[in-house]
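Values in this text are rule-based calculations from the coordinates and carry no lab data. What you are looking at is a predicted structure, and each value in this text was computed from that prediction instead of being measured. Here the Cβ positions follow ideal geometry from the backbone for every residue, glycine too, while neighbour counts run over all protein chains shown.
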Amino acid sequence: MESGAHDDLKGQKARLLRLVGAYCAATAAVGAAFVIRHLLALVVGPGLPPFIIFYPTVMTVALLAGMGPGLAATAMAALLTVFLIFPSQGQSAAASAAAALALALFFTMGVFMSVVAHLYRRARQNAAAYQSQLQQRENETRLSTVFHASPVGMCITSMSDQRCRDVNAAFLSMFGYTRDEVLGKTSLQLNLWAAEKDRDNAIRMLQAGESVRHFETQCHTKSGEAWTALIWAEMIEFSGEQCTWAMFQDVTERNRSERMIRESEERFRGTLDNMLEGCQIIGADWRYVYINDAAEEHNRRPKRELLGKRYMDMWPGIEATEVFAVIKRCMDEREPQSMENEFTFPDGTKGWFDLRMSRVPEGIVILSVDISERKRSERALRDSQLLLQQVIDLVPHFIFAKDRDSRHIFVNKACAAASGMTPEQMIGLNDLDFVPDRAQAESFMRNDRQIIDRSEPTSDIEERLTDRMGNTRILHTIKIPFTHPGTAERALMGVAVDITELKHAEEEIRALNAGLENRVEERTAELKAANKELEAFAYAVSHDLRAPLRALSGFSQALREDFGTALTGEAGTYLDQITLASRRMGELIEGILRLSRIVRGELQREHFSLSSLAERILRDLAKAEPGRRIVWTVEQGLTAWCDPKLMDVVLSNLLENSWKYTSRTAEPAIRFYAERNNGSESFCVADNGAGFDMDHAARLFQPFQRLHREDEFPGIGIGLATVQRIINRHGGTIRAAGAPGKGAAFSFNVSHPGVSEKELP
Amino acid sequence: MTTRTILLVEDNSQDEILTLRALKKVNLANQIDVVRDGQQALDYIFREGEFAGRDGPELPTVMLLDINLPRISGLDVLARVRADPRTHLLPVVLLTSSDEEQDRLRGYQNGANSFVRKPVDSAAFFETVSRLGIYWLAVNRPPQGGTDGGTDA
């Protein structure tokens with residue numbers, strides 16, 4: 001309000017200034033006219049009419065400055081003329097009627113011109129006002145037309161009561177109301193706003209003198225349907241009141257399509273980003289535009305390194321490769337391309353990729369799948385197939401597969417070669433086609449079909465196959481039914497081993513075995529005969545060698561008894577020697593027989609207590625020679641797996657020896673004990689008797705070998721030989737240790753049950 | 001006095017002499033008959049062949065039988081004697097050089113009353129044979145005609 005008052009004051013001042021200016025200008029104009037008249041009077045002389053110059057001056061002032069200044073100028077000019085000009089001409093106003101008339105005329109004319117000038121100005125002003133009114137009306141009409149015809153929804157609302165003053169057709173169609181329904185209602189009554197907060201904000205902006213621009217909000221139609229409006233609003237004066245002029249644009253569809261485009265774009269981008277296939281887009285300028293994660297992995301370098309860079313700059317040397325040629329073809333010819341490519345990375349490593357290229361607006365898209373693994377397995381499969389094929393071809397046995405009609409669907413080299421064919425030639429043939437013997441072929445086919453139909457594998461079949469040359473092979477065949485993986489038909493797979501040679505060898509072996517058995521029988525018989533002979537020999541020895549000795553001895557005694565007195569000199573002594581010699585001979589024979597008996601006959605082994613045996617023998621010895629005081633110790637609990645009778649011979653011999661050879665020892669001692677070493681057990685008979693020289697240890701066990709003189713220790717030297725033979729028959733060994741005067745120790749072991757015995761010493 | 005006859009079956013003449021000498025020393029037998037092979041022994045026992053109708057008692061008191069004999073072996077002779085009911089109780093002593101276990105076994109299996117080995121040593125031989133004579137002629141009671149033996153002992 002204050003500023004309005006200020007404007008008014010300024011307007012009044014300006015008007016006042018203009019008024020003062022106008023009057024000053026009139027005064028100046030009159031002054032100037034007086035000066036000019038004076039100058040003209042000097043030139044023209046006193047005849048110059050007094051008002052001649054003031055008429056145009058007053059008229060000009062009246063026309064230009066209005067009625068007031070015109071009248072003022074008239075008055076000033078009249079005064080000047082009356083008081084300055086007339087006197088200079090010697091006339092007084094009252095005196096000269098003419099001058100008075102001129103003055104009156106001039107005055108009248110001055111007033112008249114001022115009035116006319118005023119009227120003229122008023123008329124001009126009116127004309128201008130009319131013109132402007134006309135203009136305004138035209139403008140209003142135009143605006144109204146625009147308002148109503150605009151496709152933008154418009155609404156004019158009073159600021160004071162928020163009621164709607166005017167709306168256009170577009171608005172009504174947007175909101176679905178009729179004009180009458182809207183006019184005079186507030187937007188709240190009509191529930192136009194989905195968010196009242198938006199409305200309040202907009203009004204607040206307008207009240208603050210701001211314009212509302214691109215204000216997006218949700219609106220409701222009459223039927224409650226929501227739509228998105230983009231709003232512009234201004235404050236205007238409408239019919240003399242402050243109103244808001246709001247314009248609505250329906251952007252629902254636009255938003256929706258924008259959203260759809262955006263969503264679709266996101267969807268595609270998301271799809272591309274997350275695709276298992278690598279995807280990269282290379283622009284027409286060969287620069288990377290897009291790389292997805294999979295492609296990043298395939299490239300083995302971060303996408304940020306590549307994006308925006310030129311393809312060939314990123315992969316130096318790529319232009320010489322085939323893959324580049326294909327990519328370039330796609331780029332140039334705009335035709336889709338595809339290839340499997342082994343890509344060599346800058347670090348020298350390689351990877352196989354399945355590449356597909358096609359054009360996109362930006363350039364080309366390359367889809368890549370890492371098929372390295374597949375290639376590796378393909379290669380591995382190929383290698384193993386090759387290996388398998390080589391193995392199968394190398395196998396000297398027949399490997400084949402046949403279908404139900406006995407046609408070969410697979411054969412190895414050996415199988416085909418047996419019929420003089422290559423595997424390729426044999427495929428598709430059945431047995432009738434190449435087995436010369438029709439009966440044989442039919443039998444094969446019958447059997448094969450049976451195996452397939454019954455689904456029963458067979459092994460251990462012996463088949464005879466006669467070839468064209470008439471040679472018969474004997475085949476050991478295994479056949480199994482199976483479902484052919486390719487055709488899903490039942491078929492049969494077989495492996496046949498040519499056992500012809502084997503069969504012949506078997507027969508030979510059988511023949512050899514039979515021969516061998518005969519020989520064994522012969523040998524056994526020979527052995528039996530030899531044994532019998534030995535027995536007969538021993539028998540003969542026991543009978544026939546003894547008798548002469550008995551005769552020698554007997555007749556010597558008879559001679560002494562009957563002719564004792566007739567014998568003189570050394571005769572008696574000689575007879576005694578004959579007797580002694582024959583007795584000794586008898587003992588030797590006895591020894592030989594005992595020895596021979598030991599190697600004959602069966603061993604009757606049992607677990608037998610050696611401790612008890614040794615004690616009994618020692619007790620018997622002590623009883624036989626009660627005079628001997630010998631300290632003897634026997635370890636208790638010793639048993640052996642042996643023939644008790646023969647073990648009796650062993651221990652008797654050893655203990656008797658100890659008994660005998662300690663006869664000259666001061667404190668004789670005999671020990672029977674066991675030595676255990678590494679889980680094996682040896683039995684020992686040790687004494688502190690005469691002992692022996694270890695140098696002769698080997699001779700100890702020879703029959704009739706003695707290390708002591710007969711007169712020192714009697715004996716025939718057959719005991720240890722016998723002992724050794726018995727121990728040997730028990731699968732054991734006997735060892736002797738000793739030193740002259742230091743005693744002797746004999747240790748022996750025997751085999752355990754289950755260990756085969758030596759049959760002969 | 002009844003006759004106590006000893007039948008000695010011995011093919012070795014030296015053994016025969018020594019045996020007879022030992023037996024005579026004890027002087028118990030009335031008669032010692034000697035045959036030199038198995039056949040003769042059987043003929044003697046069964047009064048057959050050259051001994052058909054021989055003198056003397058039906059059977060000897062004891063037969064000293066060597067095993068190793070010509071023609072028929074001692075063990076076979078023994079078997080035949082045991083097989084015949086007339087002679088199956090005849091005391092038979094196997095007197096032999098052999099000390100083979102199989103001989104001993106077969107001897108006893110064939111029914112020998114005793115098995116005596118002839119020692120090589122002369123003293124032992126004479127001793128053994130003497131004792132044998134005493135035992136079988138004086139100590140032992142025969143299965144038949146015992147009354148005689150009894151009175152004599």
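For the reader, a short list of remarks on this structure follows.
- Gyration tensor verdict on segment A:35-77 (Cα atoms; rounded if a/c is under 1.5, prolate if a/b is larger than b/c, oblate otherwise): prolate
- Ranked list, fewest to most other Cβ atoms within 10 Å of each Cβ, for A:ASP332, A:ASP576: A:ASP332, A:ASP576
- Quotient of C-alpha Rg and 2.2 N^0.38 Å, computed over segment A:518-633: 1.68
- Taking a ≥ b ≥ c as the square roots of the eigenvalues of the Cα gyration tensor, segment A:516-557 is classed as prolate, since a/c reaches at least 1.5 and a/b is larger than b/c.
- Annotation: amide H-H contacts under 5 Å for A:ILE461 (H modelled 1.01 Å from N, sequence separation of 5 or more, or interchain): A:THR477.
- Three principal axis lengths of segment A:14-63 [C-alpha, angstrom, descending]: 44, 16, 10
- Karplus-derived 3J(HN,Hα) values for segment A:350-359, using 6.51 cos²θ - 1.76 cosθ + 1.60 with θ = phi - 60°, are 10, x, 9, 9, 8, 10, 10, 10, 8, 8 Hz; glycine and proline are entered as x.
- Partner shielding of A:551-560 amounts to 6, given as the average count of beta-carbon atoms from other chains within 10 Å of each residue beta-carbon.
- Over chain B, the reciprocal of the mean inverse Cα-Cα separation, the Kirkwood hydrodynamic radius, stands at 15.4 Å.
- The calculated 222 nm mean residue ellipticity attributable to helices in chain A amounts to -17000 deg cm²/dmol, summing -39500 (n - 2.57) over DSSP H runs of n ≥ 4 and dividing by all residues.
- In Hz, Karplus ³J(HN,Hα) per residue of segment A:486-493 (6.51, -1.76, 1.60; θ = phi - 60°; x = Gly, Pro): x, 9, 6, 9, 5, 8, 9, 10
- Between the amide H of B:LEU8 and those of B:ASP33, B:VAL34, B:VAL35, B:LEU64, distances stay under 5 Å, these residues lying 5 or more places away or on another chain, with hydrogens modeled in the peptide plane.
- When the convex hull of its Cα atoms is projected in every direction, mean area for segment A:608-703 (nm²): 7.3
- Measuring max minus min along each principal axis, the C-alpha atoms of the protein assembly as shown give extents of 262, 89, 62 Å (largest first).
- Whole-Å semi-axes of segment A:460-529's equivalent ellipsoid (Cα gyration tensor): 45, 15, 6
- Across segment A:160-176, computed HN-Hα scalar couplings (Karplus, 6.51 cos²θ - 1.76 cosθ + 1.60, θ = phi - 60°) run 6, 10, 6, 8, 7, 9, 8, 9, 9, 5, 4, 4, 4, 5, 5, 9, x Hz from first to last residue, x flagging Gly and Pro.
- Segment A:303-365 and segment A:188-205: distance between their alpha carbon centers, rounded to Å: 58
- Neighbour-count order for A:ILE478, A:ILE156, fewest beta carbons within 10 angstrom listed first: A:ILE478, A:ILE156
- In segment A:160-241, the GluC sites (Glu not before Pro) that fall in loop regions by DSSP, at most 14 other Cβ within 10 Å: A:GLU210, A:GLU225
- Dipole of chain A, positive direction: furthest Cα of A:MET469, A:TYR55, A:GLN133, with charges on the beta-carbon: A:TYR55
- Long-range amide H partners of B:VAL116 with built H, under 5 Å: B:LEU94, B:LEU95, B:THR96
- From the Kirkwood radius over Cα pairs of segment A:298-405, Stokes-Einstein at 20 °C and 1.002 mPa s returns a whole-number translational diffusion coefficient of 125 µm²/s.
- Legend: ranking of residues B:ASP103, A:ASP687, A:ASP403 from fewest to most surrounding C-beta atoms inside 10 Å; resulting order A:ASP403, B:ASP103, A:ASP687.
- Built from the Cα atoms of segment A:410-474, the convex hull projects on average onto 4.6 nm², one quarter of its surface area.
- Filter on A:LYS197/A:LYS222; A:LYS660/B:LYS25; A:LYS532/A:LYS645 - keep pairs with C-alpha separation over 27 Å: A:LYS660/B:LYS25
- Over segment A:347-503, the Kirkwood radius and the radius of gyration, each from Cα atoms, give a ratio Rg/Rh of 1.23.
- Overall, chain A carries a charge dipole of about 3260 debye about its Cα centre when +1 sits on the Cβ of Lys and Arg and -1 on the Cβ of Asp and Glu, all other atoms neutral.
- Hydrophobic long helices, here whole DSSP H runs in chain A with Kyte-Doolittle means of at least -1.0 and Cα atoms spread over 18 Å or more along the helix axis, are found at A:2-44, A:67-80, A:97-149, A:372-394, A:500-540, A:546-563, A:571-599, A:610-624, A:644-661.
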